[in-house]
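The values are calculated or read from the model by the stated rules, or taken from the named source; none is laboratory data. These numbers come from a predicted model, not from an experiment. Heads up, the Cβs are rebuilt from the backbone with ideal geometry, glycines too, and the neighbour counts pull from every protein chain shown.
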Amino acid sequence: MLKIGFLVLMLALFSCATQQVEQQQFPIADGRYDSEFPVQSVSDELAFLSTTVRKLDCLVFYMTYVFSQANPLDKNNLSDNKIIEFALGADVTNESVSGTATIVYYDGNQIGLLTCAHVIEFPDTLFNYFTDGSLQSLSVKLKQQNFVAGLPEGEAVEIVATNTKKDIALLRKKLFAHVQTPVVLSYLRGKTKDLEWGTVVYTMGYPLGNLMVTRAIVSNPTKSGNGKFLTDALFNHGISGSPVLALRDGVPNFEWIGMASSSSAQSIHYLKPEENIPQFVAPNSPYSGEVFIDHKKSINYGVTYSVSIEDVIKFLSVNKMIIQEKGFDSELFFK
């Protein structure tokens, strides 16, 4: 009798345990963007996304002229002759910026890529001043080169249109005869007005030159009045231009809702020694050389702003004529 009772008890326990294992919560199909993490794997969708993003490197060259503090030059009365006359020396310098570009167009002859304007925009002229306000150096832009890795062979990458305020830019690359067909980001365009507190989003790009995906959560979806929305994505240099996607009613229903643009940052001023100091300086030893003030920007990680997909669509519409003049079929975008 005791054995029978023990067996009944064990069967009851096992049936309860089995019942608990079988219970699984799937997202409810409510037409809203998902705020819970997906039950199903998103790896296949992210693998597809990774084939549509490329590393973008921009390199700009300047001719930099250096002047003495006693020079009579003024920003408003510069001429080529005066610059050459008063320059102590001249040298070619360069600046570089990296970001992410997404393939949004392909028609067999050319590729269209979307990125952030601040990645590819450089000023034509740069001025530096002494503390008394006199001109210290002048840099004049010579040329700019834009490189997008992993594209079929063709002409140089060209800037088609930009919107500095919205931080959007369209690039193109005209292709030579080729066999390789690039993959275009073909997800449905979403609606940022449908974003809610806690909506889960995915961003893929090239922070610090590495292809990476990050998952983030939307905050204050209705606060921004400049067309951007806020997430806690871990922004780093190189991620600007990365596509941002959200799931609507589970995998595989990704929608493209925007593009990572910028992060909150603070400017830090600090003292530094002169550049030509000995390679080895003993720690904690007094420093008696000249001291200079410099500054750098420090990213506040976890505060990332993204351009809305609606602003991207409006950008393409406003620049429709320019885009068509470059040989694009505007009807093929987001198809």
Exercise. Of all residues in the stretch 164-182, which are touching a residue at least 24 places away in the same chain (Cβ under 8 Å), in a loop (DSSP other than H, G, I, E, B) and under 26 Å from His118 (Cβ atoms)?
Worked result: Thr164, Lys166, Asp167, Pro182
Seminar exercise, completed: Counting only residues that are surrounded by 14 or more Cβ atoms within 10 Å (Cβ to Cβ) and out of contact with any strand residue (DSSP E or B) (no Cβ under 6 Å at 6 or more places or on another chain), the stretch 51-70 contains a total of 1
Exercise. Which residues, counting only those in the stretch 101-146, are among the small types (Gly, Ala, Ser) and either exposed (fewer than 15 other Cβ atoms within 10 Å of the Cβ) or touching a helix residue (DSSP H, G or I) at 6+ places or on another chain (Cβ under 6 Å) (or both)?
Worked result: Gly108, Gly133
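Taking Gly258 as the residue in question, decide whether it is within 19 Å of Leu56 (Cβ to Cβ), touching a strand residue (DSSP E or B) at 6+ places or on another chain (Cβ under 9 Å), part of a loop (DSSP other than H, G, I, E, B) and at pLDDT 70 or above. Write out each step before concluding.
Details: within 19 Å of Leu56 (Cβ to Cβ): yes; touching a strand residue (DSSP E or B) at 6+ places or on another chain (Cβ under 9 Å): yes; part of a loop (DSSP other than H, G, I, E, B): no; at pLDDT 70 or above: yes.
Criteria not met by Gly258.
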Exercise. Is it the case that some residue within the stretch 147-169 is on the phi > 0 side of the Ramachandran plot and surrounded by 19 or more Cβ atoms within 10 Å (Cβ to Cβ)?
Worked result: yes
Exercise. All but one of (1) in a strand (DSSP E or B); (2) touching a residue at least 12 places away in the same chain (Cβ under 8 Å) hold for Glu196; which doesn't?
Worked result: (1)
Exercise. Taking only pairs six or more apart or across chains, which ones have beta-carbon atoms under 6 Å, a first residue in the stretch 224-241 that is hydroxyl-bearing (Ser, Thr, Tyr), and a second residue that is at pLDDT 80 or above and assigned to a loop (DSSP other than H, G, I, E, B)?
Worked result: Ser240/Cys116
For this session: Output yes when any residue across the stretch 91-100 is surrounded by fewer than 15 Cβ atoms within 10 Å (Cβ to Cβ), in contact (Cβ under 8 Å) with a residue 24 or more places away in the chain and part of a loop (DSSP other than H, G, I, E, B), and no when none is.
Result: no
